[in-house]
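Participant: Dumping the structure here so I can ask a few things about it.
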Amino acid sequence: MSLSVDVYVPRAEGGIEVLDVPPESSDVAGWERWRTEVWGSEPVRSLGARFFPRLATEDLTVAPDEVSDFLAECDLLRTHLARIADHMTAEAEAEPGTGPRKSHAEHADDVSRRLDNIVNAARRALGIGGGVIIW
């Protein structure tokens, strides 16, 4: 199962309306296990991230007025991709037989591509006064 990233707008009567993903975009935000192995991992938490670590225990809803801060956190993670990939590589080595081995560069690329999708959604949300949900 995969994590998805979507844009939502609050409804006047309460609740949210999740918008369709544009054809040129992707909603993939990582594998379900990434909740703890990547987004909620110690390297991400140690950076002072406050949004992504929530995925370890719940779906992440970023309110419209928090999207700018969320984008800054995405930038923070991107500047530390090597550290996150180090962690992913070490985790994979500690659990033999969990699938094909990926190189450090492949792990960094995987996270980078998922961050691209998340940033794309956050920018769309920012442009319409919406929020972001990763679930």
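Participant: How many residues, within the stretch 77-105, are at pLDDT below 80 and open to solvent by 60 Å² or more (accessible area, probe 1.4 Å)? Before the answer, list the steps.
Facilitator: Step one: of the stretch 77-105, the residues at pLDDT below 80 are 93-100.
Pick out the ones that are also open to solvent by 60 Å² or more (accessible area, probe 1.4 Å) and you get 93-98, 100.
Of the residues in that region, 7 qualify.
Participant: Here is a further query. Residue 44 passes all but one of (1) crowded, with 18+ Cβ neighbours inside 10 Å; (2) under 24 Å from residue 19 (Cβ atoms); which number fails?
Facilitator: (2) is the only condition that residue 44 fails.
Participant: Of a type in the set (Lys, Arg), in contact with a Leu (Cβ under 6 Å, 6 or more places away or on another chain) and either over 16 Å from residue 118 (Cβ atoms) or surrounded by fewer than 18 Cβ atoms within 10 Å (Cβ to Cβ) (or both): which single residue out of 54, 11 fits that description? I'd like the intermediate steps shown before the answer.
Facilitator: Details: 11 fails: in contact with a Leu (Cβ under 6 Å, 6 or more places away or on another chain).
Unique residue meeting the criteria: 54.
Participant: Yes or no: residue 65 at pLDDT 95 or above, in a helix (DSSP H, G or I) and more than 17 Å from the chain's Cα centre (by Cα)? Break it down stepwise before answering.
Facilitator: Values: at pLDDT 95 or above: yes; in a helix (DSSP H, G or I): yes; more than 17 Å from the chain's Cα centre (by Cα): yes.
Yes: the conditions hold for residue 65.
Participant: Okay, next question. Based on this model, can you work out whether residue 72 counts as part of a helix (DSSP H, G or I), surrounded by 14 or more Cβ atoms within 10 Å (Cβ to Cβ), small (Gly, Ala, Ser) and out of contact with any Ser or Thr (no Cβ under 8 Å at 6 or more places or on another chain)?
Facilitator: Numbers: part of a helix (DSSP H, G or I): yes; surrounded by 14 or more Cβ atoms within 10 Å (Cβ to Cβ): no; small (Gly, Ala, Ser): yes; out of contact with any Ser or Thr (no Cβ under 8 Å at 6 or more places or on another chain): yes.
So residue 72 does not fit the description; no.
Participant: Please verify whether the stretch 23-30 includes one or more residues that are in contact with a strand residue (DSSP E or B) (Cβ under 6 Å, 6 or more places away or on another chain), open to solvent by 60 Å² or more (accessible area, probe 1.4 Å) and closer than 29 Å to residue 127 by Cα.
Facilitator: No - not one qualifying residue is present in the stretch 23-30.
Participant: Consider residue 35 carefully, then state whether it is farther than 15 Å from residue 114 by Cα, in contact with a helix residue (DSSP H, G or I) (Cβ under 9 Å, 6 or more places away or on another chain) and without any contact (Cβ under 8 Å) to a residue 60 or more places away in the chain. Let's see the steps before the verdict.
Facilitator: Numbers: farther than 15 Å from residue 114 by Cα: no; in contact with a helix residue (DSSP H, G or I) (Cβ under 9 Å, 6 or more places away or on another chain): yes; without any contact (Cβ under 8 Å) to a residue 60 or more places away in the chain: yes.
In short, no.
Participant: Here is a further query. Could you please tell me which pairs satisfy a Cβ distance under 7 Å, a separation of 6+ or placement on different chains, a first residue in the stretch 114-135 that is at positive phi, and a second residue that is not hydrophobic (A, V, I, L, M, F, W, C)?
Facilitator: 129/64
Participant: Assuming residue 112 fulfils every condition listed in (1) farther than 26 Å from residue 23 by Cα; (2) modelled with pLDDT of 95 or more apart from one, which condition is it?
Facilitator: (1)
The values are calculated or read from the model by the stated rules, or taken from the named source; none is laboratory data. Note that the structure is predicted; figures quoted are calculated from it, not measured. Neighbour counts are summed over all protein chains in view; Cβ atoms, including those assigned to glycine, are modelled from backbone coordinates with ideal geometry. With ligands, DNA and RNA removed, areas are computed over all heavy atoms of the protein, side chains included. Shrake-Rupley method; radii C 1.70, N 1.55, O 1.52, S 1.80 Å.
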